[in-house]
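Asks: I have a structure here, written as structure tokens, and I will follow up with some questions on it.
The values are calculated or read from the model by the stated rules, or taken from the named source; none is laboratory data. Everything numeric here is computed off the predicted structure, so don't read it as measured data. Glycine also receives a Cβ, built like all others from the backbone with ideal geometry; neighbour counts cover every protein chain displayed.
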Amino acid sequence: MDVKSIGNIITNFKSKVIIIDRTGNVLWKSRDMGKLIDIKNIKDIDIDIEDIILNKNLKVMLYNDSYNLSSILLGNQEKIILIFDLIGDYNDDNTKSYILEEIIERLYDGVLVSDKDGRVVIYNPAMEELEEMESKDMIGEYIWDAYGYGDKNKSEHMGVQSSRIPIINRYKAHAYNNGKPIYKSYSTYPIEKDGEIIGVYSISKNETKLQSLLSEIVDLKRQFGSKIKDDSDIKFNGTRFTFSDIIGSSTRIKKLIHEAQSISWLNNNILIVGETGTGKEVFAQSIHNYGKRNREPFIGINCSAIPENLLESILFGTVKGAFTGAIDSSGLFEEAGEGTLFLDELNSMPINMQTKLLRVLQEKCVRRVGGKEMYPIRCRVISAMNEDPYLLIEEGKLRQDLYYRIAGYNLVIPPLRERDNDIFDLSKFYISRNNLNMNKNVSKMKEDLKDFMKEYIWPGNIRELEHFIENIMVRTEVGDTYLRRENIPGYLLEVMNSIFKENKLDNISEYSLEEKINEFEKSLILNSLDNNNWNVTRTAKELGVTRQSLIYRMKKLDLNRS
């Protein structure tokens, strides 16, 4: 084969090629190489023939650019093919491949790639850190085996490969560490080449660190103090509150905030349970603003304030002519889009309406009143109740199947009387706010007032406390820096004292009966334990209860051998 034909074949793969003889004379060069240099002998660019023969790869400089020089010896080394690869040539496939590998290795986001057979081919260091697994245990394994699914059909990668439909912005746990799920936000896409799917890749975001950072910022804001809000503080998404606005330093409220933060990133529906005035909507808005839906709208509705016939139209929308005066109108499920729909006081919703709501949540689509077309539901639903849902189910006021739909996660807000000294953290906030509104200078509370507030049970919770502080501050003297018990209005004191009396009477009778029962039970169990040398199994048999039941009673009564 002549030199030109050989050169033309090589240039199908590489553009800068020279063919020389044993002495270095140029026999042929490609068009791109001819544009770059004009030489007759390879020695003119300071390249030694012996180095070419001995070394397959050399680095050379041509007009301030660095090239990798590789050689192919033909025949009895009478002809030599020289191939020049520009180092850092972004049009070169090898360079591109190297650059992409470097980028993937150093990305902060996790990258996982599986081939068309479902084997893991790329698992970068960020993914190792995120899922707390090692690439050596992943690469080469079938993805369903690597993650312990055991079934190819359970693999999302294989599902995407089959459907060619990507998964966008999902939040889910795939990996587990000591049984604890590791949640991450990810998107999965098919890789298509020449009309054929050759693999699937996922990009995962490490939001665990982000959540920890956000939690720290929220705690710092809460410690520093919440700023006083007004109507101008309404955000673009329709909310006013975040976790940093929740006031309280008690262990219980801190634990509750962290629990709420952890479920904010998930897509499941949430049920918030708490007495009237405990701040259920504040938590609902905070969950929305802390999670990934915070750019989407937050729409709230009080189910107890709207008649059933209107509630259906407001939630689901209407079609013109459905009833007298009806117009084409979208419902709140549609308006919420991919945001959050907050259903406050859901326990007041009539059973008939609960049935309709259940159907919408089950089918994840809604039909407007009087319409035929179905609209998909993409929002998350946060519901709130001021009564125990299990008691409501027993009384027939709440459908059990609806409860399971709305309570993907339960968040129980404690009443104010169970939050230790949070009552004074909240009082301090309301005093500051009223100082601005009333032009007062109050900064402290007298001890007798504090004692009175500690003993009171606050049935109206935070809302009642806000009303209480506002009313006693109105009655402070100009320039007074203390709040006093004498500042409590007479009508308010009368109402609170009556609640005091009722509560004390209830507590006395209940406590006396409960005390007698506990003492009798304690004495009975102690005698039996002593008779059986504190052998729990024999004691349980003697008392006619299960071993687990006896252990529970011992813990409740704080019984131990010491």
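Asks: Just checking, how many residues over segment 477-493 are in a helix (DSSP H, G or I) and surrounded by 11 or more Cβ atoms within 10 Å (Cβ to Cβ)? Lay out the reasoning, then the answer.
Replies: Let us first name the residues in segment 477-493 that are in a helix (DSSP H, G or I), namely 485-487, 490-493.
Pick out the ones that are also surrounded by 11 or more Cβ atoms within 10 Å (Cβ to Cβ) and you get 485-487, 492-493.
Counting residues in segment 477-493 that are in a helix (DSSP H, G or I) and surrounded by 11 or more Cβ atoms within 10 Å (Cβ to Cβ) gives 5.
Asks: Let me ask another. Any chance segment 15-30 includes a residue that's surrounded by fewer than 11 Cβ atoms within 10 Å (Cβ to Cβ) and either closer than 13 Å to residue 84 by Cα or touching a Leu at 6+ places or on another chain (Cβ under 7 Å) (or both)?
Replies: So the first thing to find is which residues in segment 15-30 are surrounded by fewer than 11 Cβ atoms within 10 Å (Cβ to Cβ), and the list is 23.
Now narrow it down to the ones that are either closer than 13 Å to residue 84 by Cα or touching a Leu at 6+ places or on another chain (Cβ under 7 Å) (or both): none.
Checked against the condition, which is being surrounded by fewer than 11 Cβ atoms within 10 Å (Cβ to Cβ) and either closer than 13 Å to residue 84 by Cα or touching a Leu at 6+ places or on another chain (Cβ under 7 Å) (or both), segment 15-30 yields no hits at all.
Asks: Within 52 Å of the chain's Cα centre (by Cα), surrounded by fewer than 18 Cβ atoms within 10 Å (Cβ to Cβ) and either assigned to a helix (DSSP H, G or I) or not assigned by TED's automatic domain parsing to the domain that holds residue 128 (or both), is that true of residue 4? Spell out how you get there, then give the answer.
Replies: On the way: within 52 Å of the chain's Cα centre (by Cα): no; surrounded by fewer than 18 Cβ atoms within 10 Å (Cβ to Cβ): yes; either assigned to a helix (DSSP H, G or I) or not assigned by TED's automatic domain parsing to the domain that holds residue 128 (or both): yes.
In short, no.
Asks: Mind checking which residues of segment 532-551 are of a type in the set (S, T, N, Q) and modelled with pLDDT of 85 or more? Don't jump to the end; show me each part of the working.
Replies: First, the residues of segment 532-551 that are of a type in the set (S, T, N, Q): 532-533, 535, 537, 539, 546, 548-549.
Scanning segment 532-551 gives 532, 533, 535, 537, 539.
Asks: Of all residues in segment 90-119 being under 15 Å from residue 188 (Cα atoms) and out of contact with any Gly (no Cβ under 7 Å at 6 or more places or on another chain), which is surrounded by the most Cβ atoms within 10 Å (Cβ to Cβ)?
Replies: Among residues in segment 90-119 that are under 15 Å from residue 188 (Cα atoms) and out of contact with any Gly (no Cβ under 7 Å at 6 or more places or on another chain), the one surrounded by the most Cβ atoms within 10 Å (Cβ to Cβ) is 112.
Asks: Out of segment 138-194, which residues are at pLDDT 90 or above and surrounded by fewer than 14 Cβ atoms within 10 Å (Cβ to Cβ)?
Replies: 140, 162, 163, 164, 165, 166, 192
Asks: Only residues that are in contact with a strand residue (DSSP E or B) (Cβ under 6 Å, 6 or more places away or on another chain), farther than 20 Å from residue 236 by Cβ and part of a helix (DSSP H, G or I): list them for segment 313-340, please.
Replies: Selection gives 313, 316, 333.
Asks: For segment 343-432, which fully contained helices (runs of 4 or more DSSP H) count at least 2 residues that are surrounded by fewer than 20 Cβ atoms within 10 Å (Cβ to Cβ), in contact (Cβ under 8 Å) with a residue 60 or more places away in the chain and of a type in the set (A, V, I, L, M)? Let's see the steps before the verdict.
Replies: On the way: elements: 351-363, 389-394, 400-406.
Per the criteria, no element qualifies.
Asks: If residue 458 meets every condition in (1) more than 30 Å from residue 359 (Cβ to Cβ); (2) part of a helix (DSSP H, G or I); (3) at pLDDT 90 or above apart from one, which number is that one?
Replies: It is condition (2) that residue 458 fails.
Yes/no matrix, rows are residues, columns are (1) out of contact with any strand residue (DSSP E or B) (no Cβ under 6 Å at 6 or more places or on another chain); (2) more than 27 Å from residue 299 (Cβ to Cβ); (3) of a type in the set (Ser, Thr, Tyr):
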| site | (1), (2), (3) |
| --- | --- |
| 348 | yes, no, yes |
| 362 | yes, no, no |
| 378 | yes, no, no |
| 390 | yes, yes, yes |
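Asks: Related question: Taking the criterion of being at pLDDT 85 or above and either outside the structural domain of residue 453 (by TED's automatic domain parsing) or touching a Leu at 6+ places or on another chain (Cβ under 8 Å) (or both), would at least one residue in segment 513-520 satisfy it?
Replies: Going through segment 513-520, the residues at pLDDT 85 or above turn out to be none.
Within segment 513-520, not a single residue is at pLDDT 85 or above and either outside the structural domain of residue 453 (by TED's automatic domain parsing) or touching a Leu at 6+ places or on another chain (Cβ under 8 Å) (or both).
Asks: Which condition breaks for residue 310 when tested against (1) surrounded by fewer than 19 Cβ atoms within 10 Å (Cβ to Cβ); (2) under 23 Å from residue 169 (Cα atoms)?
Replies: The failed condition is (2).
Asks: Residue 300: modelled with pLDDT of 90 or more and in a strand (DSSP E or B), yes or no? Break it down stepwise before answering.
Replies: Details: modelled with pLDDT of 90 or more: yes; in a strand (DSSP E or B): yes.
Against the criterion (modelled with pLDDT of 90 or more and in a strand (DSSP E or B)), residue 300 qualifies.
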